[in-house]
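**Student:** Below you will find the structure I want to go over with you.
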Amino acid sequence: MAATCTGTVYLTLDTGNMAPAEEIAAILRKHDVKATFFLANEKTQRGDTALDPSWASFWKARVAEGHAFGSHTWRHWYFRQDVGDKVTYVPWGAKSGETLDQAGVCKEIRKSEEAFRAMTGRGFDGIWRAPGGKLTPNATHFAEACGFRHVGWSPAGLSGDELSSERYPSDQLIRAQLQNIKDGDILLWHLGIWSRRDPLYSRLDELIAGLKDKGLCFARIADRPHRKQ
């Protein structure tokens, strides 16, 4: 493993079905990697939700390890389009949902932080990620007005853990990331994906080791020099 850093990358993890959450946390500990978690109150494989108080011990442990945290909204719906001075917000696959003003967007983003603070005593780091990365000018402006800067990801850093296992085998995905990820890139992974038949999360161990061998070190988004996404 490289003794010095020739560059820095930023591993981010969005909530998901949470099935591999403990295994992913163990991989981070093994490599002493500080990541950035984006949290939404998503349904989990054990029948609760990711921000249910039953997950308090998991999130407290991640706080103690020194990770960074941001909002992924509360309901994990999608910002579709601006309508005047508001924005439409809809569930995945739905044709309609709600129309939110600035107060509504801020409430949706902050509700995750409030639940997290109740469990851990810690708030978020002034960052958020829209589900699917789908933004509108109003959604971006509203979030910034209530203190949340949006964080996307780098094309090379997209893990592909949401993609079809048949069309995008794990070997292919990891090989491409090891080849293409470079200094400054933001990596996107999830804490469990419902649809993928060949889970990718166990290969995170291999990816981290391989990137470190290339001289890349890992840091939190909260410690990244601010630049436009």
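**Student:** Go through region 129-182 and report how many residues are part of a loop (DSSP other than H, G, I, E, B), small (Gly, Ala, Ser) and free of Cβ contacts under 8 Å to residues at least 24 places away in the same chain. I'd like the intermediate steps shown before the answer.
**Tutor:** Start the filter on region 129-182 by keeping residues that are part of a loop (DSSP other than H, G, I, E, B), which leaves 129-130, 134-136, 146-148, 151-154, 159-169, 181-182.
Filter once more, so that each one left must be small (Gly, Ala, Ser): 130, 147, 152, 154, 159-160, 164-165.
Okay, now just the ones that are also free of Cβ contacts under 8 Å to residues at least 24 places away in the same chain, so 147.
Going through region 129-182 one residue at a time, the tally reaches 1.
**Student:** Give, as residue ranges, the strands (runs of 3 or more DSSP E) completely inside region 51-125 that count at least 3 residues that are crowded, with 21+ Cβ neighbours inside 10 Å and in contact (Cβ under 8 Å) with a residue 40 or more places away in the chain.
**Tutor:** Details: elements: 68-71, 78-83, 86-90, 98-100.
Of the strands (runs of 3 or more DSSP E) lying wholly inside region 51-125, those with at least 3 residues that are crowded, with 21+ Cβ neighbours inside 10 Å and in contact (Cβ under 8 Å) with a residue 40 or more places away in the chain span 68-71.
**Student:** So how many residues does region 1-27 have that are out of contact with any Gly (no Cβ under 8 Å at 6 or more places or on another chain), farther than 18 Å from Phe124 by Cβ, touching a residue at least 60 places away in the same chain (Cβ under 8 Å) and surrounded by 14 or more Cβ atoms within 10 Å (Cβ to Cβ)?
**Tutor:** The total comes to 3.
**Student:** Quickly run through region 4-50 and pick out the residues that are among the hydroxyl-bearing types (Ser, Thr, Tyr) and in a strand (DSSP E or B). Give the derivation first.
**Tutor:** Of the residues in region 4-50, the ones among the hydroxyl-bearing types (Ser, Thr, Tyr) are 4, 6, 8, 10, 12, 15, 36, 44, 49.
Within region 4-50, Thr8, Tyr10, Thr12, Thr15, Thr36, Thr49 qualify.
**Student:** Return the residues of region 74-124 that are in contact with a Gly (Cβ under 6 Å, 6 or more places away or on another chain) and under 22 Å from Arg220 (Cα atoms); say none if nothing qualifies.
**Tutor:** Glu113, Arg117, Phe124
**Student:** Quickly run through region 206-229 and pick out the residues that are part of a helix (DSSP H, G or I), closer than 22 Å to Thr4 by Cβ and either touching a Gly at 6+ places or on another chain (Cβ under 7 Å) or of a type outside the set (Val, Ile, Thr) (or both). Quick ask: steps written out before the conclusion?
**Tutor:** Within region 206-229, the subset part of a helix (DSSP H, G or I) is 206-213, 221-223.
From what's left, closer than 22 Å to Thr4 by Cβ: 206-213, 223.
Result: Glu206, Leu207, Ala209, Gly210, Leu211, Lys212, Asp213, Asp223.
**Student:** Looking at Leu178, Leu163, which one is aliphatic (A, V, I, L, M), modelled with pLDDT under 95 and either within 19 Å of Asp198 (Cα to Cα) or more than 19 Å from the chain's Cα centre (by Cα) (or both)?
**Tutor:** Values: Leu178 fails: modelled with pLDDT under 95.
Selected residue: Leu163, the only one of Leu178, Leu163 that is aliphatic (A, V, I, L, M), modelled with pLDDT under 95 and either within 19 Å of Asp198 (Cα to Cα) or more than 19 Å from the chain's Cα centre (by Cα) (or both).
The values are calculated or read from the model by the stated rules, or taken from the named source; none is laboratory data. Small disclaimer: the values here were computed from a predicted structure and weren't measured. Neighbour counts are summed over all protein chains in view; Cβ atoms, including those assigned to glycine, are modelled from backbone coordinates with ideal geometry.
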